[in-house]
1. Which one of these does Y195 not meet: (1) away from ligand 1 (no atom under 14 Å from the Cβ); (2) more than 30 Å from F64 (Cα to Cα); (3) of a type outside the set (A, V, I, L, M, F, W, C); (4) surrounded by 16 or more Cβ atoms within 10 Å (Cβ to Cβ)?
2. For the structure I just gave you, tell me whether A362 is closer than 16 Å to N393 by Cα and within 16 Å of ligand 2 (Cβ to nearest atom).
3. Within region 270-290, is even one residue closer than 23 Å to R438 by Cβ, within 16 Å of ligand 3 (Cβ to nearest atom) and either modelled with pLDDT of 95 or more or not assigned by TED's automatic domain parsing to the domain that holds V354 (or both)?
4. Which members of region 363-409 meet the condition of being of a type in the set (S, T, Y) and part of a loop (DSSP other than H, G, I, E, B)?
5. Working carefully through the options P435, P446, find the one that is of a type outside the set (S, T, Y), outside the structural domain of R265 (by TED's automatic domain parsing) and either surrounded by fewer than 16 Cβ atoms within 10 Å (Cβ to Cβ) or at positive phi (or both).
6. What residue, of G203, G239, is within 16 Å of ligand 2 (Cβ to nearest atom) and either of a type in the set (G, A, S) or on the phi > 0 side of the Ramachandran plot (or both)?
7. Only one of these is under 23 Å from Y187 (Cα atoms) and among the charged types (D, E, K, R): E105, E86, E126. Name it.
8. Kindly indicate whether any position in region 206-220 is assigned to a loop (DSSP other than H, G, I, E, B) and either within 16 Å of ligand 1 (Cβ to nearest atom) or free of Cβ contacts under 8 Å to residues at least 24 places away in the same chain (or both).
Amino acid sequence: MDRTTVISSAEVQAQLAHCRAVAQLAAQWPEETRLAFVDTYGCQQNEADSERIRGYLKQMGFGFTDDEERARIIVINTCAIREHAEQRVFGNVGALVHVKRRHPEQLICLCGCMVQQPHAAKKLRESYRHVDLVFGPHALWKFPEMVHALLTQRGRTFSVEDEAGSIAEGIPVVRQDSIRAWVSIMYGCNNFCAYCIVPYVRGRERSRRPEDILAEVRQLVEEGYKDITLLGQNVNSYGKDLEKPMDFSALLEQVNAIPGDFLIRFMTSHPKDATQKLFETMARCEKVAPVLHLPFQAGNDRVLKVMNRRHTRAEYLEKIKALKALIPDIVLTSDIIVGFPGETAEEFEDTLKVLEEVRFDALFTFIYSPRHGTPAASMDDPMSREEKLANFNRLTALQDAISEEKHAAYTGKTLRCLIDGLSDDARYGLTARTPGNRLVRVAGDPSALGQFREVKITGSNKWSLFGELA
Ligand code: SAH
Ligand code: SF4
Ligand code: F3S
């Protein structure tokens, strides 16, 4: 792998010229065929990438559809985090053979984390011959050039070289939502947790310049966005690689200083890099939402060590304590892996103890899934699938009970919530988010959409809260 490259603005401009060239070609096709379908798997990082792919496609003259029969271009943005994610992609791509038989002119593109793995790229090359273009996250910035080439000279293109990764500014964006927006502040990951594929497919940590991030947030606020999430695999190590190094707390302060009525969230934080300074900054910055997603993965120190997480259970709990002291109503969420290779029945109990001690508001729980080329994939894994599943069920049952209790404690309170969506529920026509990002189903009419409103919480269950406009 070589060093991080910065894609120059001239190179991005050249891509926009390819967009115009494609638009000229497409202008000769019947209008109803100028449609693209972008299907996204995986995390917010992938959602953010798909917004850029849509941005490019729009410049190429395409509108959007969710119907693969009508799409001239199909782009599937894939995820590799667990086996299940890959199986779904291969299943759906396999089914496209029949669609393409009916529409031979269709261009099928696969991108994202899954295809950046050599074994997956090989499988696509050999057994999925109806796929025309395959490109990894490192090649996204040159998507227009690749589409242009495919439309003018037939053949297949694979752009999946292993790279440290790049940063490209100025790629157009078509956002999916008009209230909440993602802003990537950095790309890649340096942590190499033993189970995780992300560092292999997303390259090394690299930070966008603060001025680029601030300009993007400012523009979003001007456009009326109310809820902005700063994205990175490990936002707490933001800025270390910048020409003028700065830390994440300093970036938060600067985003917080942008005028306007909006909320700032961020994810993901790594416990080893979450500092007292960060907690103090969160407490001080009025726009930073009182919520922290802090994955701890496992509650046992031996397991954490083999996972290469580089923090202990005690350090984790200390940090949570410090944060709760500063922000008593902080909403806490976490990620947990059940059944990491070699985790014993007793070690799993330590994970349950952390749940009882911290009392998270919600959890994202996963059964360990071996990933090609990661250290954990070659570790002994004696526990049976059934036993892992039983542990998983105990974990989710315990968390469900805690979530239900925590939600019940909201009843009677009035909170300033962001009305962020509509629902077809006859009684609760709106969805809203509490400052800590808990879902509230709210009785009310669509005119409140996009506003911060006082909401009185009238009830709850383990998944959500219910309320009315106060
Ligand atoms: N960068 C983030 C999370 C990235 S992946 C972080 O460090 O927290 C999101 C979650 O998927 C991880 O937190 C982990 O809980 C889970 N995960 C990652 N690899 C996995 C694997 N091989 N099997 C099961 N779960 C996994
Ligand atoms: Fe994966 Fe660990 Fe990096 Fe998160 S911090 S993306 S879990 S390697
Ligand atoms: Fe995200 Fe999946 Fe890639 S979780 S970073 S899309 S492997």
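1. It fails just one condition, (1).
2. Against the criterion (closer than 16 Å to N393 by Cα and within 16 Å of ligand 2 (Cβ to nearest atom)), A362 does not qualify.
3. No.
4. Y368, S369, T374, S384
5. Among P435, P446, only P446 is of a type outside the set (S, T, Y), outside the structural domain of R265 (by TED's automatic domain parsing) and either surrounded by fewer than 16 Cβ atoms within 10 Å (Cβ to Cβ) or at positive phi (or both).
6. Checking each option against the conditions leaves just G203.
7. E86
8. no
The values are calculated or read from the model by the stated rules, or taken from the named source; none is laboratory data. A quick note: this is a predicted structure, and the numbers were derived from the prediction, not measured. All Cβ positions, even for glycine, are placed from backbone atoms using ideal geometry, and neighbour counts span all protein chains on display.
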